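Report on one structure; see the data block that follows.
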Amino acid sequence: MTSTTEGQVMQQDETTQQEWALETLAIRAGHQRTHEQEHGEPIFPTSSFVYGSAAEAAAKFSGEEPGNVYSRFTNPTVRTFEQRLAAMEGGERCVATSSGMSAILATVLALLKSGDEIVASRSLFGSTVSLFDKYLGKLGITTRYVELSDLEAWEAAVTPATRLLFAETPSNPLSEVVDIAQLASIARRHDAWLAIDNCFLTPALQKPIALGADLVIHSATKYLDGQGRAIGGAVVGRDKELEEVFGVVRTCGPCLSPFNAWIFTKGLETLNLRMRAHCENARILAEWLEGHPAVAKVHYSGLTTHPQHELASRQQQGYGAVLGFEVKGGREAAWSVIDATRLLSITGNLGDVKTTITHPGTTTHGRLSEEQKDAAGITEGLIRVAVGLEAMEDIRADLARGLDALV
């Protein structure tokens, strides 16, 4: 028999969740209280689950009855994270994975086959390019690259074999933007899927599914966690496609651990507040950098000088916290600025409350060929900063130490 409290929780989830705002979904969605009536989301660190009878085990293994089978398949803590993120992104379903890269891999393995083609932006994370070219290429899946913002180039690159369009928007690390709604129209005309990597903005600042995307990819390692504590990924979309992605995770094994899922679930609770604060710090820093005499160019879509500022303002609810800036003097000057920092963390990761700094040409995009770097705009003088939540005067003073020495 269901208790009054349990019944109230179930009724609330079923009848009011669709009416909740993003901030409420981030705190409440996906949690079904156990018989213990816990207030906080529990962790289920178990590899397997037990049954009352052989018949019950058979029914759950076959899928005739819902329930947990094995934590590589399903886990209550992972499910809470999945349902919460799906609700926030406006998708029917979410499948969590062991990393952002495994989320991309699982998506492609689920939906594409040998002979199929991908059209992707040149402005992708270096590991994504390596995955597409080096490993998916071995499976007979070809990738064509185009300028992110050039919709005519996307259209021209599509062939009858194209099954997936893939883009990061804003891009890493130049903050380039593409019109998601227009790109979705291209995908639909050619019977292809559109996948958007929403890692940099998260559902707090951008809703690709509402703009027409079929799939949203996340490295949960970044802003969904927000404190650099765990590795994980996620794919959000329609149940039909996500059932295939789930099949890859279930069979091939790139599943998310319950502990990491719990960390990400708790991270979502403060996502909206953190992203607004990240954006404000990034805007102030970008404006300051734009006026510094040692800086040749700043790449941040929140600046009115950015070529896609108007588009970013239209389809985003904020501009994110990742920016790139080019210093005069090439790699030597860029490295000297990085090495002069005392507060900022020199690391390739981002999405942390701690501000991070890196030289993309020799770290995150270091494995790309010189031709690929040139096409993606990765210059020798380019520095990427993922702006954290420290006091802006301290972040600015730390960068000024090296920048001022270049003047």
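The values are calculated or read from the model by the stated rules, or taken from the named source; none is laboratory data. Keep in mind the model is a prediction, meaning the values are calculated, not measured. Cβ coordinates were reconstructed from backbone atoms using ideal geometry, including for glycine residues, and neighbour counts include every protein chain displayed. Accessible surface is based on the protein model in full, side chains and every heavy atom, while ligands, DNA and RNA are left aside. Shrake-Rupley method; radii C 1.70, N 1.55, O 1.52, S 1.80 Å.
Table for the structure above
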read-out: Subset of the range 314-334 that is open to solvent by less than 50 Å² (accessible area, probe 1.4 Å) and either in a strand (DSSP E or B) or of a type in the set (Ser, Thr, Tyr) (or both) - its residue that is farthest from residue 228 (Cα to Cα); value: 327
read-out: Residue match in the range 354-366 (condition: in a helix (DSSP H, G or I) and free of Cβ contacts under 8 Å to residues at least 24 places away in the same chain); value: no
read-out: Cβ pairs under 7 Å, 6+ apart, first in the range 72-86 and farther than 19 Å from residue 18 by Cβ, second part of a helix (DSSP H, G or I) and open to solvent by 10 Å² or more (accessible area, probe 1.4 Å); value: 72/250; 73/250; 75/258; 77/258; 77/262; 78/258
read-out: Residue that is open to solvent by less than 70 Å² (accessible area, probe 1.4 Å), closer than 18 Å to residue 278 by Cα and in contact with a strand residue (DSSP E or B) (Cβ under 9 Å, 6 or more places away or on another chain), where the choices are 385, 337; value: 385
read-out: Within the range 150-246, strands (runs of 3 or more DSSP E) holding 3 or more residues that are surrounded by fewer than 24 Cβ atoms within 10 Å (Cβ to Cβ) and either on the phi > 0 side of the Ramachandran plot or at pLDDT 95 or above (or both); value: 162-168
read-out: Residue within the range 203-223 that is among the acidic types (Asp, Glu) and farther than 27 Å from residue 27 by Cα present; value: no
read-out: Test: residue in the range 269-276 that is under 18 Å from the mean Cα position of the chain (by Cα), part of a loop (DSSP other than H, G, I, E, B) and buried (at least 22 other Cβ atoms within 10 Å of the Cβ); value: no
read-out: Test: residue in the range 108-125 that is out of contact with any Ser or Thr (no Cβ under 8 Å at 6 or more places or on another chain), at pLDDT below 95 and under 19 Å from residue 216 (Cα atoms); value: yes
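One line per residue, one yes/no per condition, for (1) within 14 Å of the chain's Cα centre (by Cα); (2) more than 18 Å from residue 132 (Cβ to Cβ):
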{"site": "193", "(1), (2)": "no, no"}
{"site": "220", "(1), (2)": "yes, yes"}
{"site": "231", "(1), (2)": "yes, yes"}
{"site": "239", "(1), (2)": "no, yes"}
